[in-house]
Amino acid sequence: MQNPIVKKYGPYLLNTPIGMFIGVITGIVLSWILSGEFGTEWTRLYTFVVTALISLAVAGFALFGVFISIGTQFERDEEARRRKLMAANALLPSALSGMCKTFMSGAKASVELAENDALREDPEFEKSTRADLMLSESVLQTIRDVIEQHHRDQAEVAHRLSDLLKLHQVYFARWQGEFDDEEMLVSEEQNFERTVNWAGLYAVSETMFNYARERGDMKPIDQSGVVRALKFTVNPHFLRHEDEYLREAKSEERWLQENVR
C-alpha cells in the first residue's frame, strides 16, 4: 500500500512545475554560497557539478511527476471501470429478463406461424412480431456495458453474451426473411427447428441468471435446458409434438455448444 504522506502530498510535490521550482530555488541558494571567497578553480568545479546536479534533480522531479500522473490516472480509470462494472452487473438480471421475454415472444410467434401459414401475408402480424422480437435499446446498452467491462475479468461472461447477441441477430434476420419471400415454402420440420431456435436463446439466457444474481458460475448449455425453455414458452404445442421437439432439442444442444462459449 502506498505511504499515506506520499499519497497525500506526492501529486502536488512531485510534478514538473514544482520540480522546476525547487531546482531553481536550489540553484539560486547554491550560487549565492559559491559567490564567497573560494578559489577560482574550485568555484568553476563546483559550479559545473552543481549545475549538472540541478539539471539531474529537475529531470528526476519531472520524471517522478510523470510516473505519479500516470499512476493516478490509472487508479482513476480502474475506479471508473469498477463502478461501471458494478452498475452493469446491477442491471444484468433485468436485461436478461428482457431478453427472455423477447425470446419467448419469438417461440410463440413461431408456433403461431406454423399453425397458420396465412399469417405470412398478414402485415399486422409481421409488424407486431418484428417489434416483439427486437431487443430494447436499454437491454442492448446494458449488455454492451457488461461485455465491455468484462473483457479482462470473467471473460467467459462477455463471450457468452456476445455469442447470444450474434445468434439473436441471425434468428431475427431469418424471421424477417419469412415475410420477404412470398414464395418461400417451409416444411413442418423447419417450423419445429425455428421454434426450438428461439427457445434455445431463452435457455442460454437462463444459464446466466446464477451469475447475474449471485455472481456464481454460469450453468452449462444442455438439452434439458432447451426442453425446459420449450415447456415454459410453448407448452401446449410441445405436449402435442413432444417427440419432434425432443429430437430438435438434441440438435439444438449440439448447435449451441458449438456456437456459444
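The values are calculated or read from the model by the stated rules, or taken from the named source; none is laboratory data. If you're wondering where the values come from, they're calculated on a predicted model, not measured in any experiment. All Cβ positions, even for glycine, are placed from backbone atoms using ideal geometry, and neighbour counts span all protein chains on display. Just the protein is used for accessible areas: all its heavy atoms, side chains included, with ligands, DNA and RNA removed. Shrake-Rupley method; radii C 1.70, N 1.55, O 1.52, S 1.80 Å.
Grab the beta carbon distance between V66 and E148, set R0 = 30 Å, and tell me the FRET efficiency rounded to 0.05.
After rounding to 0.05, the efficiency reads 0.60.
How far apart, in nanometres, would the label points at D222 and R240 be if each is projected 7 angstrom from Cα along the Cα-to-Cβ direction?
So the two model labels end up 3.1 nm from each other.
In what order, largest first, do M184, M134, M99, M218 sit by accessible area if the probe radius is 1.4 Å?
M134, M184, M218, M99
Calculated FRET efficiency, R82 and K166, Cβ-Cβ r, R0 35 Å, to nearest 0.05?
Calculated transfer efficiency: 0.80.
Considering only protein heavy atoms and a 1.4 Å probe, what is the carbon-and-sulfur percentage of the accessible area of segment 111-261? Could you put the intermediate results ahead of the total?
Numbers: 3850 of 8290 Å².
The computed percentage sits at 46.
How much accessible area per residue does segment 167-261 have, in Å², with a 1.4 Å probe?
Accessible area per residue, segment 167-261: 55 Å².
Exactly which trypsin sites (Lys or Arg not before Pro) in segment 150-211 are in a DSSP loop and have at most 15 other Cβ atoms within 10 Å?
On the way: sites: R152, R160, K166, R174, R194; in loops: R152.
Answer in residue order: R152.
Provide the net charge surrounding R254, with neighbours chosen by a C-beta distance below 14 Å and charges set as Lys +1, Arg +1, Asp -1, Glu -1.
Net of charged neighbours comes to -4.
Please give, to one decimal in nm, the separation of the simple spin-label points placed at R215 and K127, each 7 Å out from Cα toward the Cβ.
So the label points at R215 and K127 sit 4.7 nm apart.
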